[in-house]
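Every read-out reported here was derived from the displayed coordinates using simple, explicitly stated rules and does not represent laboratory data. Every value quoted in this text rests on a predicted model; they were computed, and no experiment measured them. All Cβ positions, glycine included, derive from the backbone under ideal geometry; neighbour counts span all protein chains shown.
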Amino acid sequence: MKYKMLLGMSKEPGISEEQRTFLRDCLAKERFIRICRWLFFLSFLALWEIGARVGFLNPFIFSSPGRILKSAVSMASDGTLFYHLGITLFETFFSFFIVMAFGILAAVLLWWKESLARILEPYLIVLNSLPKTALAPIFIVWLGNNMKTIIVAAVSVAVFGTIITLYTDFISVEEDKIKLIRTLGGTRKDILFKVILPSNIPSIISIMKVNIGLSLVGVIIGEFLAAKAGLGYLIIYGSQVFKLDWVMMSIVILCIAAAGLYQLLSIAERKTER
Amino acid sequence: MGDLLSLNHVSYSYHSLTGETPALTDISFGVPDGEFLAIVGPSGCGKSTLLSLIAGLLPPSSGNIQIKGKNLSDQDLHIGYMLQKDHLLDWRTTYRNLALGLEIQKKDTPENLAKIDELLKAYGLAAFRDAKPSSLSGGMRQRAALIRTLVLNPDLLLLDEPFSALDYQTRITVSDDIWQIIRKEKKTAILITHDISEAVSMSDRVIVLSKRPGTIRAIIEIQLSPGNRSPIKARSDPKFKDYFNQIWKELTDHEI
Ligand SMILES: Nc1ncnc2c1ncn2[C@@H]1O[C@H](COP(=O)(O)OP(=O)(O)OP(=O)(O)O)[C@@H](O)[C@H]1O
Ligand SMILES: [Mg+2]
């Protein structure tokens, strides 16, 4: 992104020679960093592969890039890979939407009724700092060994922080902006829809970026404990039957999925800025 | 008693956990229909508080405020309040900012919206119609805030230092414009200002407030010769200087 931008700028006509030299220097530095990143990645892969082949790393425990690729190809060709990935992504998006919808709604409600916010404040804080993995076994007992548990677990990871952050952002909107709406004859509803919500769009988007990651974390935790499918299930199952290739492959795919989800929201963010 | 607006022994105190801040004590005055009233006073004496009370945003601690003899809450007069800062919302375009009041009051009819475009042109903002307020200069923002208030067609205008962000030259032209509009449409207006010349040149009467807690120090009728009634001409009226000095004296006399 930055590289392309610099490249474009340095080729633009009508800039001074000095500026062009400056841009070329920036470009060279950017190129160096990119090359180093790839070198780091490739040498990591190479060391791993060679280590496994030479016997310096036990491939049975550590797997290897080649074996990961092979199992990925075979699971992709019979469709199981997409099935597990699809389940995990579905659960992640589903929990993400519940977290956002419920979080915004609850924050609005707390903003609307300040005394309610004051009453619930200590509980929200405790629930937010509680490690949500501690709750997972309860969810299994209550909801059963199924997708419901996974989604509830994932929602519980992100929702309390979302409510607290959004509520804090809502009440820190400038007092005078609220006064402005009142001078124009507006009600509390107008204050909410004309000032509070629109002025917090950037903060809602940055919370979304955090939450898509947290939802994935929650879903994987849920799948560890209560699943018959999904990448989390594949990881647990693979480790139980000593198929470390599956485990490693799932982790690699999780990395790619996490990066993809983050990228998706960054694109959405750029769209709203325009 | 035929006043449009009357304040009777109005006092107001702010309360917080750290204590009570008396902002205004025993303010009484009336404003006849069509009058242009200016209020001057030292910083922090309660001028903005006074406007918030008149606009009904704050309830007086004691005393009462009436419009046409009725309590503030029972009347249907449109009060336009222009705050000290412009508070244009930066996620809306200039045009959408100006339509905010109409939207809220559900008066965004085509005729009213067309009036925004008219005013944008009249105030030299037409080119910035669809720009975000962040690209407007301080003076433009102030004019935009004024348009936002004027499109609601208020009967009583409350102006809280509306020209303070403008440079001197713009300030005089804009205040002249606004004065013409207010006069032409026979509106009643209350202007708060720090600028004594502005108060004398624009208003029919000037109320001088004391330091906090604000009380009325003096009420001065401004009577310039009828030919010199526009703000720019008023400044060359022979009596202008006398009024200026009189208000200056009222403001500074009690400070020691
Ligand atoms: N929300 C508030 N809580 C407590 N005290 C307040 C509050 N708002 C204003 N005050 C105090 O009341 C006094 C009057 O405030 P006000 O804003 O009316 O002054 P002002 O005359 O408009 O000042 P300026 O000329 O600087 O605009 C000030 O001393 C201020 O400190
Ligand atoms: Mg003020």
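Summary table below
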read-out	value
Whole-Å distance, taken between Cα centres, linking the range B:221-256 and the range A:205-254	79 Å
Out-of-range pairs (alpha-carbon distance over 22 Å; input A:Lys194/B:Lys107; B:Lys68/B:Lys233; B:Lys186/B:Lys233; A:Lys148/A:Lys228)	B:Lys68/B:Lys233
Karplus 3J(HN,Hα) series, Hz, for the range A:91-104 with 6.51 cos²θ - 1.76 cosθ + 1.60 (x for Gly, Pro)	4, 5, 4, 4, 5, 4, 5, 4, 4, 5, 5, 5, x, 5
Surrounding net charge for B:Val206, when Lys and Arg each add one and Asp and Glu each subtract one, Cβ distance under 12 Å	-4
Distance between modelled label sites at B:Leu77 and B:Lys121, nm, 7 Å Cα→Cβ extension	3.3 nm
Pairs beyond 24 Å (Cα-Cα), from A:Lys113/A:Lys189; A:Lys132/A:Lys209; A:Lys177/B:Lys70; A:Lys189/B:Lys121	A:Lys177/B:Lys70; A:Lys189/B:Lys121
Trypsin sites (Lys or Arg not before Pro) restricted to DSSP loop in the range A:72-134 with at most 15 other C-beta within 10 Å	A:Lys113
Prolate/oblate/rounded label for chain A (Cα gyration tensor, a/c 1.5)	oblate
Table column - 3J(HN,Hα) (Hz), the range A:108-122, Karplus curve with 6.51, -1.76, 1.60, x for Gly and Pro	4, 4, 5, 5, 5, 10, 4, 5, 4, 4, 5, 5, 7, 3, x
3J(HN,Hα) from dihedral phi, the range A:178-187, Karplus parametrisation 6.51/-1.76/1.60, rounded to Hz, x for glycine, proline	5, 4, 4, 4, 5, 5, 8, x, x, 9
Proximal aspartates and glutamates to A:Lys4, defined as alpha-carbon separation beneath 16 angstrom and excluding residues fewer than eight positions away on the same chain	A:Glu12, A:Asp25, A:Glu30
Euclidean distance between Cα centres, the range B:37-116 to the range A:144-158, Å	50 Å
Loop sites in the range A:28-82: chymotrypsin sites (Phe, Trp or Tyr not before Pro), DSSP, at most 13 other Cβ within 10 Å	A:Phe56
Alpha-carbon centroids, the range B:1-16 and the range B:144-207: separation in whole Å	22 Å
Relative contact order for the range A:1-112, counting Cα pairs under 8 Å that sit 6 or more residues apart, in percent	13 percent
Set of lysines with alpha-carbon distance to B:Lys249 below 22 Å, sequence-local pairs under 8 removed	B:Lys47, B:Lys211, B:Lys239, B:Lys241
Coil-residue trypsin sites (Lys or Arg not before Pro) of the range B:162-256, DSSP, other Cβ within 10 Å capped at 15	B:Lys186, B:Lys239
Separation of the A:Leu116 and A:Gln263 label points, Cα + 7 Å toward Cβ, nm	4.1 nm
